[in-house]
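First the structure, in the form of structure tokens, and then the observations on it.
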Amino acid sequence: MKKILFACVILAASVLLGLNPSQARTQFITIGTGGITGVYYPTGGAISKMVNKKKREYGIRATVESTGGSIYNVNAVINGDLEFGIVQSDCQYQAVHGLDAWKNKGPQKDLRAVFSIYPESITLVAAVDAGIKNIKDLKGKKVNIGNPGSGQRQNTIDALEAVGINYEKDLHIESIKASEAPGLLQDGRIDAFFYTVGHPSIAIKEATSGARKVRFAAITDIDQLLAKYPYYGKSVIPVALYPGVDNKKDVETFHVKATLVTSANVPDDVVYAVTREVFENIDDFKKLGPIYSSLTKESMLEGLSAPIHPGAMKYYKEVGLIKE
Ligand code: GLU
């Protein structure tokens with residue numbers, strides 16, 4: 001009896017609020033991001049804000065979670081612990097094809113792409129006093145290559161291998177989260193660290209504005225690496241974004257893309273709502289920082305290797321971004 005009474009109250013309340021009864025029940029979604037000083041975290045926050053503005057229309061409440069990064073996010077989305085995750089385009093590709101971190105588990109068949117967002121550069125930050133100007137100068141140095149749940153770890157290993165450095169034999173490695181690396185660099189406990197991240201990021205600002213002078217080291221002579229993997233492309237780190245850094249000119253490196261993924265098990269209406277709100281608010285999104293300024297609706301469909309989720313596809317067809 002109590003239950004029936006409760007149901008009647010909910011129904012009456014939702015009618016009064018002008019909601020249809022199915023929307024009276026809020027659907028909670030969580031977006032997995034990265035460290036709070038990275039760019040995934042504020043990006044997830046911006047996406048959540050856009051979706052939450054329409055809570056009455058969609059009945060969705062979005063939140064973000066700080067996580068270990070791309071590999072963690074793919075796995076958590078597949079396990080159903082997270083509904084969405086921001087992940088590097090290379091990790092999306094590897095998960096879909098059962099490579100690298102997914103070699104033992106095999107292809108992640110339930111992984112679905114939603115859209116891609118901005119380029120992330122493989123960024124090598126080094127102490128000037130360690131004499132590192134190029135990735136090739138890392139031999140024998142103390143270097144953080146990233147935590148195992150992060151996406152950047154594999155980029156780092158790929159880049160090192162491309163220039164003939166074996167990360168296990170030729171370096172003293174640390175495997176801590178990128179968010180902790182700036183502190184270790186400033187404290188003199190490491191000589192350099194890698195971070196695959198959009199610019200500017202708080203972590204890199206932290207690393208470049210301390211007492212120990214820091215520079216970006218170039219990652220060059222990687223044409224073979226770029227030819228081998230479809231998800232890598234050349235890029236530069238715009239040094240003007242970091243006034244404290246020692247470099248005078250933009251620094252050569254390579255990049256991947258930050259993408260949003262979900263699972264085939266997440267309902268179409270939820271993925272549709274997230275996609276629609278981000279695309280309809282793209283102009284506001286672009287104003288949030290330089291990293292988003294070059295976003296276009298078309299570029300947001302590049303760099304995806306998992307099948308596009310049907311909820312996102314519905315929106316892309318509706319607005320003609322993808323033809324029937
Ligand atoms: N690309 C990093 C990773 O997957 C995270 C970067 C960020 O949090 O902005 O591990």
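The values are calculated or read from the model by the stated rules, or taken from the named source; none is laboratory data. Just so you know, these numbers come straight off a predicted model, no measurement behind them. Here Cβ is always computed from backbone atoms with ideal geometry, including for glycine, and neighbour counts include all displayed protein chains. Side chains are part of the model used for accessible areas, which takes the heavy atoms of the whole protein and leaves out ligands, DNA and RNA. Shrake-Rupley method; radii C 1.70, N 1.55, O 1.52, S 1.80 Å.
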Scan of segment 58-101 for residues that are open to solvent by 30 Å² or more (accessible area, probe 1.4 Å) and on the phi > 0 side of the Ramachandran plot, ordered by number:
GLY80, ASP100
Kindly indicate whether any position in segment 179-190 is more than 26 Å from ILE86 (Cα to Cα), in a loop (DSSP other than H, G, I, E, B), of a type in the set (Val, Ile, Thr) and in contact with a Leu (Cβ under 6 Å, 6 or more places away or on another chain).
yes
Residue selected from segment 56-76 under the condition of a type in the set (A, V, I, L, M, F, W, C) and farther than 22 Å from PRO119 by Cβ, by the criterion farthest from the ligand (Cβ to nearest atom)
ILE60
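Residue-wise test of (1) β-branched (Val, Ile, Thr); (2) farther than 19 Å from PRO200 by Cα; (3) touching a Pro at 6+ places or on another chain (Cβ under 7 Å).
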site: SER235; (1), (2), (3): no, no, yes
site: VAL256; (1), (2), (3): yes, no, no
site: ASN281; (1), (2), (3): no, yes, no
site: ASP284; (1), (2), (3): no, no, no
site: LYS287; (1), (2), (3): no, no, no
site: SER293; (1), (2), (3): no, no, no
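Limited to segment 166-198, what total is found for residues that are small (Gly, Ala, Ser) and surrounded by fewer than 17 Cβ atoms within 10 Å (Cβ to Cβ)? It would help to see each step written out before you state the result.
So the first thing to find is which residues in segment 166-198 are small (Gly, Ala, Ser), and the list is 175, 178-179, 181, 183, 188, 192, 198.
From what's left, surrounded by fewer than 17 Cβ atoms within 10 Å (Cβ to Cβ): 175, 183, 188.
Going through segment 166-198 one residue at a time, the tally reaches 3.
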The listed residue being surrounded by 18 or more Cβ atoms within 10 Å (Cβ to Cβ), in a helix (DSSP H, G or I) and within 12 Å of the ligand (Cβ to nearest atom), out of ILE157, ILE204:
ILE204
Looking across segment 122-151 at residues that are open to solvent by 10 Å² or more (accessible area, probe 1.4 Å) and within 17 Å of the chain's Cα centre (by Cα), the single one that is farthest from the ligand (Cβ to nearest atom) is PRO148
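To keep it simple, each residue is scored yes or no on (1) more than 26 Å from ILE47 (Cα to Cα); (2) among the aromatic types (Phe, Trp, Tyr); (3) surrounded by fewer than 19 Cβ atoms within 10 Å (Cβ to Cβ).
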site	(1), (2), (3)
ASP223	yes, no, yes
HIS255	no, no, no
ASP269	no, no, yes
ASP283	no, no, yes
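Let's see how each residue does on (1) out of contact with any Asp or Glu (no Cβ under 6 Å at 6 or more places or on another chain); (2) farther than 29 Å from TYR195 by Cβ:
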residue	(1), (2)
THR253	yes, no
VAL256	no, no
THR275	yes, no
ILE282	yes, no
PRO290	yes, no
LEU295	yes, no
LEU301	yes, no
ALA306	yes, no
LYS323	yes, yes
What's the total number of residues in segment 42-55 that are within 13 Å of the ligand (Cβ to nearest atom) and surrounded by fewer than 23 Cβ atoms within 10 Å (Cβ to Cβ)?
3
